[in-house]
Amino acid sequence: MRRNHPSSRAVWCRLKIPQDKLRRAGLAAVSGAALAAAFPKVDLNLFAWVAFVPLFYAIHGQSMRRVFGYAWLQGFFCFVGSLYWIVIALHDFAGVATVLAALPMLLLAAIMGLYTGAAIWSGELAARRLGITRLLTMPIAWTALEWVRSYFPIGFPWNLLGYTAYRNVELIQFAEFTGVYGVSALIVFFNVVTYAIIFQAYSRREQTAGLGILTASMALALIFGSWRVHQLSAVLPRGSLKVAMVQGDIPQSLKWDPKFLETSFAIYRAQTEAAAQRGADLVIWPEAAASFFFQPDDRYPARFADDAAYRQRLLELAARSREPILFGAPALGVEDDRVGFYNRAYLVSDRGQVVAWYDKIQLVPFGEYVPLRKILGGLVNRVVVGFGDMFAGREQTLFVVHGGSLAVLICYESVFPNLTRRAVKRGADVLVNITNDAWYGSSSAPYQLLAMAAMRSVETKAPMVRVANTGISAVIQSDGTITARTSLFKRGTEIEHVYWRPTRTLYTQIGDVFAEACVALTLIALAAGLLHPRERGDEAEISAIFFNGRRN
């Protein structure tokens, strides 16, 4: 008897499943690529406000396992597109082959994708199991996971969603209440409402309520922001500094070469003397601009006699030019009977005396220290050649110059909201971010760091002076406006007046209460959702009917 062949419909149905998965995966990838383009250097920031729409379309009606998978894929593509500079740093300055240099970047992007997957999965689970609208669950869950990423397991709050809006100065002023996390929540909320209206995905009541709340939220944010920006400009400054930002433009390949030390020092000496002639109140050099060990006193081991001599020359430069100098330099130290190093910022007075110093607290993982060294130490080659693991500082220092209190953030520290907030709460009038972005070449990293630094001023209403070795140096006003911006790889000195005002924000006082509340709500919703009985019905079949028009 002849065997019946499967009908064409059955074959089509079997083939349709992988095609559908591929289509949804493609939508998730497009979502991630669009989100990556919203960050600097591409800086198409409007993409962030709709980038999640393809992802929400892809996860509609899918199993929770697939929800996580598609969301992870979105995060993976986003971070590959925004963290590609890791390959440049490893290849150009650590001598790692491009193919091998891509592996750590891909691994980090995969790990960061887990946070995206967890955020979307959590929001979807709470919506399905508890019947709570996604208009609430998605923004809250996203904010919760961004806060978690800022602290655990090693703390990597790079490119939080809210940073895409850094150029929308009026819109983001409400970050003085919520921190950058509130801006992230607003952007996710905008995406959910947009998806709901375009695809009629939720009930008419949800769509109407969502659109109304979104319109009111955006209007209030813009009204408050416009008022705040005007109000800040109208308040009389409490003090000012005329700062000289010295951009030495020292190539990373030469920076730590002993043969280049004299040339490097001569560059900063000439720029400092020129700034003194123009009447600066403070000369600021970038992170590790003094590429020798600078100790608080003149006691050096015999093998570091040359470093001691350069230390003396720097002190004499400050005294001769009659200018205080704030600069970055490595320093020797001993902790627990172990010799190590600090990434340090010093203030030298116009009399050539060491006034104070600050040791970098938030070290770069896998750059300045190796997390879980006993496990990972043998597998990791650090980019910072010759320094080994650094010692972390324990407390922030306020440098007093011409009546103003300055708090220093060294490089990577500018991406940590809470670190900046604590400094301003302790009395800092001006933030100073010294950095060496030469590692990143002309990639997106220097632009991303500048955008993240700008949000620190919005949150605290403290102006920031950012001084980078190869750029981008700038003055960031207390409302987050970026001024006096320099070009990459241009040597020179910008002299600008920096004004500070007697303004303190709610975020400065209470910190991440908004984000922490989102964490608490997400944990409660997850606990309740996981205990809630599963919904009946085949969600995949519902999705197929909704998207493909299938009929039984």
Protection proxy ranking, peptides 415-428, 71-84, average beta carbon neighbours within 10 Å, highest first = 71-84, 415-428
Across the chain, how many lysine pairs, 8 or more positions apart or on different chains, have C-alpha atoms separated by under 24 Å? Please give the number.
-> 11
Answer in debye to the nearest 20: the dipole magnitude of the chain about its Cα centre, from +1 Lys/Arg and -1 Asp/Glu charges placed on Cβ, is 2060
Out of all DSSP beta bridges with both ends in region 236-502, state the antiparallel percent to the nearest 5.
-> 65
Loop-resident trypsin sites (Lys or Arg not before Pro) in region 197-289 with no more than 12 other Cβ atoms inside 10 Å, DSSP not H/G/I/E/B, are R278
Most packed first (mean Cβ within 10 Å per residue), the peptides 89-100, 498-509 order as 498-509, 89-100
Protection proxy ranking, peptides 220-226, 169-175, 25-31, average beta carbon neighbours within 10 Å, highest first | 169-175, 25-31, 220-226
When DSSP assigns beta bridges and you keep just the ones with both residues in the chain, what percent turn out antiparallel, to the nearest 5?
-> 65
Output the Cα-based Rg and Dmax of the chain in Å, rounding Rg to one decimal and Dmax to a whole number.
-> 26.2, 106
Consider just the alpha-carbon atoms of region 38-123 and return their Rg together with their Dmax, both in angstrom.
-> 14.9, 47
When the Karplus curve 6.51 cos²θ - 1.76 cosθ + 1.60 is applied with θ = phi - 60°, which whole-Hz ³J(HN,Hα) does each residue of region 273-279 get, with x for Gly and Pro?
-> 5, 5, 5, 4, 5, 9, x
0 to 90° range, to nearest 10: angle between helix 134-151 axis and the chain longest Cα axis = 30
Positive end of the charge dipole of region 236-502 (Lys, Arg +1 and Asp, Glu -1 on Cβ, about the Cα centre): tell me which of I325, W357, L431 has its Cα farthest that way.
-> L431
Eigenvalues of the alpha-carbon gyration tensor of region 236-502, times 5 and square-rooted, give semi-axes in Å, largest first, of 26, 22, 18
Let me see the pair-distance distribution of region 171-299: every alpha carbon pair, 5 Å bin width, integer percents in order.
-> 2, 8, 11, 10, 9, 8, 7, 8, 9, 8, 7, 5, 4, 2, 0
Scoring only Lys, Arg, Asp and Glu (+1, +1, -1, -1) among other residues with Cβ under 12 Å from the Cβ of A392 yields -3
Given Cβ charges of +1 for Lys and Arg and -1 for Asp and Glu, the option among T481, F174, P463 whose Cα lies farthest towards the positive end of the dipole of the chain is F174
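Laboratory data are not the source of any read-out in this text; all were calculated from the coordinates shown. Note that the coordinates shown come from a computational prediction; the quantities given were computed from them, not determined experimentally. Reconstructed Cβ throughout: ideal geometry from the backbone, glycine too, with neighbour counts over all protein chains shown.
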